[in-house]
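Single-structure report; data block below.
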Amino acid sequence: MSRIGKAPIAVPSGVTVTIKEGNIVTVKGPRGELTRSVPAAMGLLQDGGQVTVTRPSDEPGHKSLHGLTRTLIANMVEGVTKGFTKQLELVGVGYKAEVRPYGLQLALGYSHAIEYKAPAGIKLSTPVPTQILVEGSNKEVVGQVAAEIRGLRPPEPYKGKGVKYAGEQVRRKAGKAGGK
């Protein structure tokens, strides 16, 4: 049995988990509401303050969906209680970010400023002009927004300029070899 899949999901107080027909899971909490459709083959049992995921057989397809389904529901519960955060850093002379009503305005070394519009449920903030915080309750969307912002100017290997995740190590290359 899957080590991850068989672990029960603890539902903290203040969070409600609703399982509808067709395996549609809705989780409500202090940070919002998330809804997701999970694979129909997986069985979901709600017992008091816990949710357990079961699989019908030991087929490889069911085994892989077992851990996935449990992790998706656990991330929904964590998202509506604590939320998720990704931190990005801007490295380069003149690189900066400013919060605007629609999202972010970024200066990334191009001849023009880049406007990034934030999707619903995502909060973008800049504690300092060279840092961006992406916050939200849906882990997938937070990661996707962070990846899209990083994709506007990925870090380059010679000087390390660009947008990178906090703590990301950029592999550096040696520059041109000297003259003769």
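The values are calculated or read from the model by the stated rules, or taken from the named source; none is laboratory data. On a predicted model such as this, the values are computed, not experimentally measured, just so you know. A quick note on method: Cβ atoms are made from the backbone with ideal geometry, for glycine too, and the neighbour counts reach across all protein chains shown. With ligands, DNA and RNA removed, areas are computed over all heavy atoms of the protein, side chains included. Shrake-Rupley method; radii C 1.70, N 1.55, O 1.52, S 1.80 Å.
What nm value, rounded to one decimal, do you get for the distance between Ser13 and Gln144 when each label is placed 7 Å out toward the C-beta?
Going by the 7 Å Cα→Cβ label model, 3.6 nm.
Just tell me the longest site-free run in the chain, where the sites are chymotrypsin sites (Phe, Trp or Tyr not before Pro) in a DSSP loop having at most 12 other beta-carbon atoms within 10 Å.
Looking at the chain, 1-101 is the longest stretch - no exposed chymotrypsin sites (Phe, Trp or Tyr not before Pro) with at most 12 other Cβ atoms within 10 Å.
Using only the Cα atoms of the chain, what do you get for the radius of gyration and for Dmax, in Å?
Gyration radius and largest Cα-Cα distance of the chain: 21.1, 76 Å.
Hand me the trypsin sites (Lys or Arg not before Pro) from the range 26-61 located in a DSSP loop with no more than 15 other Cβ atoms within 10 Å, in residue order please.
Taking the range 26-61 and a limit of 15 other Cβ atoms within 10 Å, no loop trypsin sites (Lys or Arg not before Pro) are found.
DSSP loop GluC sites (Glu not before Pro) in the range 1-98 with at most 14 other Cβ atoms within 10 Å of their Cβ, which ones?
Answer by residue number: Glu21.
Please compute the Kirkwood hydrodynamic radius of the range 2-65 from all pairs of different C-alpha atoms, in Å with one decimal.
That comes to 12.7 Å for the range 2-65.
Per 0.36 nm of contour for each residue apart, how much would the distance between Lys82 and Ala40 grow if the chain were fully extended, relative to their Cα-Cα spacing?
Here the answer is 12.3 nm.
Are there GluC sites (Glu not before Pro) in the range 111-180 that DSSP marks as loop and that have at most 14 other Cβ atoms within 10 Å, and which are they?
Within the range 111-180, the qualifying GluC sites (Glu not before Pro) (loop, at most 14 other Cβ atoms within 10 Å) are Glu168.
Quick check for you: with a 1.4 Å probe and neighbouring chains kept, what is the accessible area per residue of the range 1-145, in Å²?
Using a 1.4 Å probe on heavy atoms only, each residue of the range 1-145 averages 55 Å².
Taking θ as phi - 60°, what are the ³J(HN,Hα) couplings along the range 94-103 by the Karplus curve (6.51, -1.76, 1.60), each to the nearest whole Hz, with x for Gly and Pro?
Per residue, the Karplus-derived 3J(HN,Hα) values read x, 7, 7, 10, 10, 7, 10, x, 8, x Hz.
Go through the range 166-172 residue by residue and turn each phi into a ³J(HN,Hα) via Karplus (6.51, -1.76, 1.60, θ = phi - 60°); whole Hz please, and just put x for glycine and proline.
Rounded to whole hertz, the list is 5, x, 6, 9, 9, 6, 9.
If contacts are Cα pairs under 8 angstrom and at least 6 residues apart, what is the relative contact order of the chain in percent?
17 percent
Viscosity 1.567 mPa s, temperature 4 °C: give me the Stokes-Einstein translational D for the range 128-180 in µm²/s, with Rh taken as the Kirkwood radius over C-alpha pairs.
Taking Rh from Cα pairs, D becomes 99 µm²/s.
Ser125 accessible area, nearest 10 Å², 1.4 Å probe?
Accessible area, nearest 10 Å²: 30 Å².
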